[in-house]
Amino acid sequence: MRQKRTTKHIFVTGGVVSSVGKGIVAASVGALLEARGLTVTHLKLDPYVNVDPGTMNPLQHGEVFVTDDGTETDLDLGHYERFTHAAMSRMNNITTGRVYATVIEKERRGDYLGATVQVIPHVTDEIKSFIRRGSQQCDVVITEIGGTIGDIESLPFLEALRQLKVEEGIGNAINIHVTLVPYIPTSGELKTKPTQHSVRSLREIGIQPDIIVARCDRPISNEMKAKIGLFCNLRPESVVTCQDAQSIYAVPLMLHREGLDALIIDQLDMWTGEPHLESWKKIVDALDHTTKRVTVAIVGKYVDLVDAYKSLHEALKHGGFSNNAKVDLRYIDSEEIEAKGAAPLLDGADAILVPGGFGQRGIEGKIAAVRYAREHRLPFFGICLGLQVAVIEFARNVCGISDANSVEFTETPNPVIHLMEEQKDIHRKGGSMRLGAYPCKLLPGSLASQIYEQEQISERHRHRYEFNNAYRQIFADQGLVFSGCSPDGQLVEMIELPSHPWFIGCQFHPEFKSKPFAPHPLFSSFIAAAIRCKQS
Ligand code: GLN
């Protein structure tokens with residue numbers, strides 16, 4: 001009789017400081033295990049109380065990543081999709097807010113009648129069942145816990161992991177703890193003490209890490225690994241270095257060289273052949289041998305935190321991969337354009353991109369950036385809000401509608417961007433935008449259809465406002481082409497300007513679907529246009 005296959009669990013926690021690279025380590029583990037022929041999926045448990053990150057300012061939390069099913073999720077889910085074949089959905093990300101919302105809903109329904117509802121076992125049971133549901137029959141499920149060991153908020157999640165590890169049994173669940181080993185320049189030494197403290201905190205709540213991934217700016221000697229092992233109750237070979245890399249795409253190979261995947265396979269009592277890492281080697285090799293270089297100006301509002309545009313950042317790099325080019329990203333605060341004018345800030349850029357965003361602040365600077373790109377014939381790519389500001393710019397400066405605007409920013413007699421009908425009655429902000437994958441039909445012969453080489457595409461959305469169809473004819477008469485629309489023709493999804501070398505706006509977010517091995521065609525084409533523009 002065939003034995004039922006057991007799903008193995010890997011839990012990834014972080015210690016010492018946040019932003020230590022846990023997400024990239026978790027994604028790299030997924031990539032390495034897939035390269036060994038295993039099926040993997042990823043889960044992210046976030047300890048904050050928001051039900052999802054959709055209502056948070058990107059400067060607080062970084063980008064909100066949107067999945068095909070329209071879930072607003074943590075940006076680490078973007079890394080998981082970029083590094084592996086796992087498709088993310090509502091099943092892959094929970095927060096304290098969502099766990100409690102579910103438990104309270106069950107309590108009101110009477111599911112726990114007779115019981116005092118408590119963190120242990122009711123909240124922890126909910127977390128465990130989320131993890132088990134999310135494993136989707138894969139060989140390995142990699143569950144990352146947001147935050148840092150020692151945070152009050154993460155305690156119920158860690159307790160759930162502790163219980164799950166016991167329930168799954170030896171060889172079926174392991175914990176990888178990612179810590180920082182800082183180098184102190186004045187003493188010329190690497191310091192292991194913060195790692196020791198972090199592991200001590202983990203062990204106090206009953207979790208002994210099985211592997212430590214030590215993030216460091218330089219290699220960690222075997223002697224140092226033995227010291228970390230001694231204090232953290234591990235064999236030295238279970239301590240792996242994750243050194244700062246020139247690119248996140250170099251991390252899987254680096255961790256492989258450190259023996260991480262072999263160690264995991266061994267500890268999870270599995271057997272696979274050696275991993276096939278050729279595609280990762282090709283990427284790293286390509287990074288080392290780029291022949292061209294272009295600068296893309298990104299004109300936005302959240303420029304102080306690159307994480308706020310994470311997928312965009314990666315998609316532009318992928319566009320570079322398909323063109324053998326290094327893409328330098330110049331983030332420009334649109335309010336600075338308002339103060340100083342577009343020319344001094346955009347001078348030297350080979351292409352201009354206006355990304356998604358919300359709210360009125362900095363809008364006029366973005367409109368000025370579109371105008372600069374249109375008039376200077378620089379490749380222009382407008383994404384979501386970027387399309388909307390391109391529409392406003394065209395209305396004002398080409399169609400002569402000087403008070404054209406979006407109703408998101410002001411009341412105007414000429415609302416070229418307006419609220420969608422079904423949005424008018426929405427008063428609860430959370431999870432209520434137009435979210436997730438929608439089909440879009442491309443206009444035959446348009447630049448968009450040439451780029452996609454398809455008649456119908458599917459892309460992910462996250463917005464409330466929409467192009468106002470009352471203005472379609474006026475725009476068309478002035479040469480703007482509506483190159484992508486919803487299949488019923490009612491919603492404008494893409495615009496382009498045939499009289500310009502490369503001017504495209506899209507109401508969706510193509511950056512969410514770009515992968516290093518499959519760069520998104522719009523980004524590949526945009527970077528190719530930037531290269532042509534630089535050469536001309
Ligand atoms: N603020 C705009 C809207 O809600 C654009 C959103 C975005 O760029 N993601 O429609």
At least 1 residues that are of a type outside the set (Gly, Ala, Ser) and within 16 Å of the chain's Cα centre (by Cα) in each: list the helices (runs of 4 or more DSSP H) lying fully within segment 1-109 that qualify.
22-35, 58-61, 76-83
Checked segment 39-68 for anything modelled with pLDDT of 95 or more and surrounded by fewer than 20 Cβ atoms within 10 Å (Cβ to Cβ); matches are Thr39, Asp68
Odd one out for Val306 among (1) touching a helix residue (DSSP H, G or I) at 6+ places or on another chain (Cβ under 7 Å); (2) crowded, with 23+ Cβ neighbours inside 10 Å; (3) aliphatic (A, V, I, L, M):
(2)
Take the residues in segment 467-484 that are buried (at least 21 other Cβ atoms within 10 Å of the Cβ) and in a strand (DSSP E or B), then tell me which one is farthest from the ligand (Cβ to nearest atom).
Ser483
Applying the selection to segment 506-520, what residues are more than 16 Å from the ligand (Cβ to nearest atom) and either more than 18 Å from the chain's Cα centre (by Cα) or farther than 21 Å from Leu443 by Cβ (or both)?
Ser514, Lys515, Pro516, Phe517, Ala518, Pro519
Do you know which of the residues in segment 434-466 that are loosely packed, with under 14 Cβ neighbours inside 10 Å and part of a loop (DSSP other than H, G, I, E, B) is nearest to the ligand (Cβ to nearest atom)?
Gln454
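Conditions (1) closer than 17 Å to His463 by Cα; (2) within 16 Å of the ligand (Cβ to nearest atom); (3) surrounded by fewer than 17 Cβ atoms within 10 Å (Cβ to Cβ), marked per residue:
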| site | (1), (2), (3) |
| --- | --- |
| Phe380 | no, yes, no |
| Cys384 | yes, yes, no |
| Ile401 | no, no, no |
| Val407 | yes, yes, yes |
| His418 | yes, yes, no |
Taking Arg162, is it of a type in the set (Lys, Arg) and either under 30 Å from Lys515 (Cα atoms) or free of Cβ contacts under 8 Å to residues at least 40 places away in the same chain (or both)?
no
In segment 85-107, the residues that are of a type in the set (Ser, Thr, Tyr) and touching a residue at least 40 places away in the same chain (Cβ under 8 Å)
Thr95, Thr96, Tyr100
Between a first residue in segment 393-420 that is among the basic types (Lys, Arg) and a second residue that is part of a helix (DSSP H, G or I) and at pLDDT 95 or above, which pairs have beta carbons less than 9 Å apart while being 6 or more apart in sequence or on different chains?
Arg396/Ile367; Arg396/Arg371
Considering only residues that are part of a loop (DSSP other than H, G, I, E, B) and either within 27 Å of Cys138 (Cβ to Cβ) or polar (S, T, N, Q) (or both), which ones fall in segment 169-193?
Gly169, Ile170, Gly171, Asn172, Thr186, Ser187, Thr192
For Phe381, are the conditions met, namely being modelled with pLDDT under 95 and within 24 Å of the chain's Cα centre (by Cα)?
no
Under 6 Å between Cβ atoms, which residue pairs at least 6 apart in sequence (or on different chains) link something in segment 507-526 that is within 15 Å of Val66 (Cβ to Cβ) and assigned to a helix (DSSP H, G or I) with a partner that is within 16 Å of the ligand (Cβ to nearest atom) and not acidic (Asp, Glu)?
Pro510/Leu522; Glu511/Ser311; Glu511/Leu312; Glu511/Ala315; Phe512/Val66; Phe512/Ser311; Phe512/Arg460
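The values are calculated or read from the model by the stated rules, or taken from the named source; none is laboratory data. The structure presented is a predicted model; accordingly, all values stated were derived computationally and were not measured. Quick reminder, even Gly has a Cβ in these numbers, built from the backbone with ideal geometry, and neighbours come from all protein chains shown.
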